[in-house]
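Reading through the C-alpha coordinates given below for one structure.
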Amino acid sequence: MGKKDAIISVIIGFFVGVFFFIILKNLGMEIPYPWALIVVFPPLALLGMLVVSILGRKFIIILQTGRFLLVGALNTFIDLGVLNILIWFSGIASGVWFSVFKGLSFLVATTNSYFWNKHWTFEKGKNGFAAHEFSKFVAVTAVGLFINVGIASLVVNVVGVQFGVSEEMWATIGAAASALFAWAWNFLSSKFIVFKS
(Lines give C-alpha, C1' and ligand atoms only; values in the text may rest on other atoms or scores of the structure.)
Protein backbone atom coordinates (compact mmCIF):
# COMPACT_ATOMS: atom_id res chain seq x y z
CA MET A 1 0.00 0.00 0.00
CA GLY A 2 1.33 3.40 -0.94
CA LYS A 3 1.71 6.31 1.44
CA LYS A 4 -0.98 8.28 -0.44
CA ASP A 5 -3.51 5.43 -0.04
CA ALA A 6 -2.72 5.19 3.69
CA ILE A 7 -3.11 8.92 4.33
CA ILE A 8 -6.31 9.24 2.30
CA SER A 9 -7.92 6.22 3.95
CA VAL A 10 -7.17 7.62 7.43
CA ILE A 11 -8.61 11.04 6.44
CA ILE A 12 -11.73 9.38 5.03
CA GLY A 13 -12.12 7.26 8.17
CA PHE A 14 -11.89 10.38 10.34
CA PHE A 15 -14.63 12.20 8.41
CA VAL A 16 -16.85 9.10 8.38
CA GLY A 17 -16.61 9.15 12.19
CA VAL A 18 -17.46 12.86 12.34
CA PHE A 19 -20.53 12.53 10.10
CA PHE A 20 -21.63 9.34 11.88
CA PHE A 21 -21.57 11.31 15.15
CA ILE A 22 -23.75 14.05 13.59
CA ILE A 23 -26.26 11.48 12.33
CA LEU A 24 -26.51 9.71 15.69
CA LYS A 25 -26.90 13.03 17.54
CA ASN A 26 -29.82 14.11 15.32
CA LEU A 27 -31.48 10.72 15.80
CA GLY A 28 -31.30 11.26 19.55
CA MET A 29 -29.02 8.31 20.16
CA GLU A 30 -26.80 8.54 23.20
CA ILE A 31 -23.16 7.96 22.48
CA PRO A 32 -21.25 7.13 25.68
CA TYR A 33 -17.85 7.85 24.12
CA PRO A 34 -18.40 10.06 21.05
CA TRP A 35 -14.66 10.46 20.48
CA ALA A 36 -14.51 6.70 19.85
CA LEU A 37 -16.15 7.21 16.45
CA ILE A 38 -13.28 9.36 15.20
CA VAL A 39 -10.73 7.05 16.80
CA VAL A 40 -12.16 3.75 15.49
CA PHE A 41 -12.99 4.58 11.86
CA PRO A 42 -9.54 5.76 10.67
CA PRO A 43 -7.76 2.48 11.54
CA LEU A 44 -10.68 0.48 10.09
CA ALA A 45 -10.42 2.42 6.84
CA LEU A 46 -6.65 1.90 6.82
CA LEU A 47 -7.07 -1.84 7.40
CA GLY A 48 -9.62 -2.05 4.58
CA MET A 49 -7.26 -0.19 2.26
CA LEU A 50 -4.40 -2.54 3.20
CA VAL A 51 -6.50 -5.60 2.31
CA VAL A 52 -7.63 -4.04 -0.97
CA SER A 53 -4.06 -3.01 -1.84
CA ILE A 54 -2.85 -6.57 -1.38
CA LEU A 55 -5.72 -8.02 -3.42
CA GLY A 56 -5.44 -5.25 -6.00
CA ARG A 57 -1.83 -5.98 -6.95
CA LYS A 58 -3.03 -8.46 -9.53
CA PHE A 59 -6.17 -6.71 -10.81
CA ILE A 60 -6.52 -2.91 -10.87
CA ILE A 61 -10.32 -3.14 -10.74
CA ILE A 62 -10.05 -4.61 -7.22
CA LEU A 63 -7.99 -1.62 -6.09
CA GLN A 64 -10.38 0.81 -7.81
CA THR A 65 -13.42 -0.94 -6.32
CA GLY A 66 -11.89 -0.78 -2.84
CA ARG A 67 -11.09 2.91 -3.22
CA PHE A 68 -14.57 3.52 -4.62
CA LEU A 69 -16.13 1.73 -1.63
CA LEU A 70 -14.10 3.85 0.79
CA VAL A 71 -15.03 7.07 -1.03
CA GLY A 72 -18.60 5.76 -1.23
CA ALA A 73 -18.70 5.25 2.53
CA LEU A 74 -17.58 8.85 3.01
CA ASN A 75 -20.14 10.06 0.47
CA THR A 76 -22.90 8.10 2.19
CA PHE A 77 -22.04 9.60 5.57
CA ILE A 78 -21.76 13.09 4.07
CA ASP A 79 -25.15 12.59 2.39
CA LEU A 80 -26.81 11.33 5.58
CA GLY A 81 -24.94 13.86 7.73
CA VAL A 82 -25.96 16.89 5.65
CA LEU A 83 -29.53 15.54 5.45
CA ASN A 84 -29.66 15.13 9.24
CA ILE A 85 -28.22 18.63 9.77
CA LEU A 86 -30.96 20.08 7.54
CA ILE A 87 -33.64 18.05 9.34
CA TRP A 88 -32.27 19.12 12.72
CA PHE A 89 -32.21 22.83 11.80
CA SER A 90 -35.66 22.83 10.18
CA GLY A 91 -37.48 20.18 12.20
CA ILE A 92 -38.87 18.82 8.90
CA ALA A 93 -38.35 15.12 8.12
CA SER A 94 -40.99 14.41 5.45
CA GLY A 95 -42.92 15.98 2.60
CA VAL A 96 -41.63 18.19 -0.20
CA TRP A 97 -38.95 19.76 2.00
CA PHE A 98 -37.53 16.32 2.76
CA SER A 99 -37.10 15.79 -0.99
CA VAL A 100 -35.40 19.20 -1.33
CA PHE A 101 -33.09 18.41 1.62
CA LYS A 102 -32.30 14.99 0.14
CA GLY A 103 -31.45 16.60 -3.18
CA LEU A 104 -29.12 19.09 -1.51
CA SER A 105 -27.40 16.44 0.62
CA PHE A 106 -26.97 14.24 -2.46
CA LEU A 107 -25.38 17.09 -4.44
CA VAL A 108 -22.90 17.86 -1.62
CA ALA A 109 -21.94 14.18 -1.41
CA THR A 110 -21.71 13.87 -5.20
CA THR A 111 -19.40 16.87 -5.47
CA ASN A 112 -17.17 15.20 -2.89
CA SER A 113 -17.41 11.97 -4.90
CA TYR A 114 -16.26 13.63 -8.11
CA PHE A 115 -13.19 15.10 -6.44
CA TRP A 116 -12.06 11.87 -4.72
CA ASN A 117 -12.91 9.55 -7.62
CA LYS A 118 -11.22 11.74 -10.21
CA HIS A 119 -8.02 12.34 -8.23
CA TRP A 120 -7.71 9.09 -6.29
CA THR A 121 -9.98 6.17 -7.27
CA PHE A 122 -9.51 6.39 -11.04
CA GLU A 123 -6.39 8.64 -10.95
CA LYS A 124 -7.54 11.01 -13.69
CA GLY A 125 -6.52 14.19 -11.83
CA LYS A 126 -3.37 14.66 -13.90
CA ASN A 127 -5.56 15.49 -16.87
CA GLY A 128 -6.74 18.73 -15.26
CA PHE A 129 -10.22 20.03 -15.88
CA ALA A 130 -11.86 18.39 -18.88
CA ALA A 131 -15.17 19.89 -19.96
CA HIS A 132 -16.33 16.69 -21.68
CA GLU A 133 -15.55 14.64 -18.58
CA PHE A 134 -17.38 17.09 -16.35
CA SER A 135 -20.39 17.19 -18.68
CA LYS A 136 -20.57 13.37 -18.52
CA PHE A 137 -20.33 13.62 -14.74
CA VAL A 138 -23.22 16.13 -14.63
CA ALA A 139 -25.38 13.86 -16.84
CA VAL A 140 -24.57 10.77 -14.76
CA THR A 141 -25.19 12.76 -11.57
CA ALA A 142 -28.62 13.85 -12.83
CA VAL A 143 -29.62 10.21 -13.25
CA GLY A 144 -28.09 9.39 -9.84
CA LEU A 145 -29.99 12.30 -8.29
CA PHE A 146 -33.26 10.96 -9.71
CA ILE A 147 -32.51 7.44 -8.41
CA ASN A 148 -31.38 8.67 -4.98
CA VAL A 149 -34.04 11.29 -4.29
CA GLY A 150 -36.76 9.24 -5.97
CA ILE A 151 -36.22 6.12 -3.86
CA ALA A 152 -35.72 8.11 -0.63
CA SER A 153 -38.88 10.16 -1.30
CA LEU A 154 -40.84 6.99 -2.10
CA VAL A 155 -39.78 5.37 1.18
CA VAL A 156 -40.36 8.50 3.29
CA ASN A 157 -43.37 10.13 1.65
CA VAL A 158 -45.30 7.21 0.11
CA VAL A 159 -44.51 4.21 2.29
CA GLY A 160 -44.34 6.42 5.39
CA VAL A 161 -42.99 5.77 8.85
CA GLN A 162 -42.95 2.07 9.78
CA PHE A 163 -42.01 -0.08 12.77
CA GLY A 164 -42.68 2.70 15.29
CA VAL A 165 -39.47 4.62 14.57
CA SER A 166 -39.27 8.43 14.65
CA GLU A 167 -39.70 10.54 11.49
CA GLU A 168 -36.01 11.46 11.66
CA MET A 169 -34.98 7.79 11.86
CA TRP A 170 -37.32 6.88 8.98
CA ALA A 171 -35.89 9.72 6.87
CA THR A 172 -32.39 8.36 7.52
CA ILE A 173 -33.53 4.80 6.68
CA GLY A 174 -35.08 6.03 3.43
CA ALA A 175 -31.90 7.91 2.55
CA ALA A 176 -29.71 4.89 3.36
CA ALA A 177 -31.91 2.59 1.23
CA SER A 178 -31.65 4.97 -1.71
CA ALA A 179 -27.86 5.15 -1.28
CA LEU A 180 -27.56 1.41 -1.95
CA PHE A 181 -29.25 1.74 -5.34
CA ALA A 182 -27.37 4.93 -6.20
CA TRP A 183 -24.03 3.31 -5.26
CA ALA A 184 -24.39 0.66 -7.98
CA TRP A 185 -25.31 3.30 -10.57
CA ASN A 186 -22.49 5.64 -9.49
CA PHE A 187 -19.74 3.01 -9.62
CA LEU A 188 -20.71 1.61 -12.99
CA SER A 189 -21.28 5.00 -14.57
CA SER A 190 -18.07 6.47 -13.10
CA LYS A 191 -15.97 3.51 -14.24
CA PHE A 192 -17.44 3.07 -17.71
CA ILE A 193 -18.73 6.52 -18.66
CA VAL A 194 -17.14 9.43 -16.75
CA PHE A 195 -13.60 8.19 -16.02
CA LYS A 196 -13.38 5.63 -18.85
CA SER A 197 -9.82 5.04 -19.99
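The values are calculated or read from the model by the stated rules, or taken from the named source; none is laboratory data. Keep in mind it's a predicted model, so treat the numbers as computed, not measured. So basically every Cβ, Gly included, is an ideal-geometry build from the backbone, and we count neighbours across all protein chains shown. Quick note on the areas: whole protein, heavy atoms, side chains included, nothing else; ligands and nucleic acids left out. Shrake-Rupley method; radii C 1.70, N 1.55, O 1.52, S 1.80 Å.
Testing the spin-label approximation: label points 7 Å from Cα along Cα→Cβ at I60 and I193. State their distance in nm.
It is 2.2 nm.
Any chance you could list the semi-axes, whole Å, largest first, of the equivalent ellipsoid that the Cα gyration tensor gives for the chain, using √(5λ)? If you can, show how the numbers build up before the last one.
Details: eigenvalues 168, 94, 34 Å².
Square roots of five times the eigenvalues give 29, 22, 13 Å.
How much accessible area does V158 have with a 1.4 Å probe, in Å² rounded to the nearest 10?
Here the accessible area works out near 110 Å².
Can you give the net charge of the other residues whose Cβ lies under 15 Å from the Cβ of N26, counting K and R as +1 and D and E as -1?
Numbers: positive: K25, K102; negative: E30, D79, E167, E168.
With Lys, Arg at +1 and Asp, Glu at -1, the net is -2.
Taking the Cα centre as origin and putting +1 on Lys and Arg beta-carbons and -1 on Asp and Glu beta-carbons, what dipole magnitude results for the chain, to the nearest 20 debye?
Details: 13 positive and 7 negative charges, 182 e Å.
The dipole of the chain has a size of about 880 debye.
Helix 131-153: angle to the longest alpha-carbon principal axis of the chain, degrees 0 to 90, nearest 10?
30
Evaluate the distance, in nm, between pseudo-label points positioned 7 Å from the Cα of A130 and of A36 along their respective Cα→Cβ axes.
Placing both labels 7 Å along Cα→Cβ, they lie 4.5 nm apart.
On a 1.4 Å probe surface of the protein chains, which of H132, H119 comes out largest in accessible area, and what is the full order? Walk me through the numbers on the way to the answer.
On the way: H132 120, H119 75 Å².
Descending accessible area places them as H132, H119.
Could you give the length gained on full extension between V143 and A6, defined as 0.36 nm per residue of separation minus the Cα-Cα distance, in nm?
Working: separation 137, 0.36 × 137 = 49.32 nm, distance 3.22 nm.
Result for the pair: 46.1 nm of gain on full extension.
Evaluate the charge dipole of the range 1-104 about its Cα centre and quote only its size in Debye, nearest 20, assuming +1 on the Cβ of each Lys and Arg and -1 on the Cβ of each Asp and Glu. Walk me through the numbers on the way to the answer.
On the way: 7 positive and 3 negative charges, 81 e Å.
Rounded to the nearest 20 debye, it is 380 debye.
Taking the Cα centre of the range 73-139 as origin, sum charge times position over the Cβ atoms of Lys and Arg (+1) and Asp and Glu (-1), and report the length of that vector in debye to the nearest 20.
Numbers: 5 positive and 3 negative charges, 28 e Å.
In total the dipole reaches around 140 debye.
How far is helix 167-189 tilted, in degrees, relative to the longest principal axis of the Cα atoms in the chain, given as a value from 0 to 90 rounded to the nearest 10?
Here the helix axis deviates by roughly 20 degrees.
Which one, S99, F137, L86, is farthest towards the positive end of the dipole of the range 60-177 when Lys and Arg carry +1 and Asp and Glu -1 on their Cβ?
F137
For the range 154-197, what is the accessible area per residue in Å² when the probe is 1.4 Å? If you can, show how the numbers build up before the last one.
Working: 2430 Å² over 44 residues.
For the range 154-197, the solvent-accessible area averages 55 Å² per residue.
In whole angstrom, how far apart do the alpha carbon centroids of the range 19-48 and the range 59-89 sit?
For the range 19-48 versus the range 59-89, the Cα centre distance is 14 Å.
Please sort by residue number the chymotrypsin sites (Phe, Trp or Tyr not before Pro) in the range 107-197 whose DSSP state is loop and whose Cβ has at most 12 other Cβ atoms within 10 Å. Walk me through the intermediate numbers first.
Values: sites: Y114, F115, W116, W120, F122, F129, F134, F137, F146, F163, W170, F181, W183, W185, F187, F192, F195; in loops: F122, F129, F163, F195.
Passing both the DSSP loop test and the Cβ count: F129, F163.
Eight or more residues apart or on different chains, and alpha-carbon atoms under 12 Å: count the Lys pairs in the chain matching that. Intermediate results must be reported in sequence, preceding the final value.
Numbers: K118/K126; K118/K191; K118/K196; K124/K191; K124/K196; K136/K191; K136/K196.
Lysine pair count for the chain: 7.
Could you work out the helix-only [θ] at 222 nm for the chain, with each DSSP H run of four or more residues adding -39,500 (n - 2.57) and the total divided by the number of residues, to the nearest 500 deg cm²/dmol?
Working: 6 runs with 143 residues, N = 197.
Helices in the chain give a 222 nm mean residue ellipticity of -25500 deg cm²/dmol.
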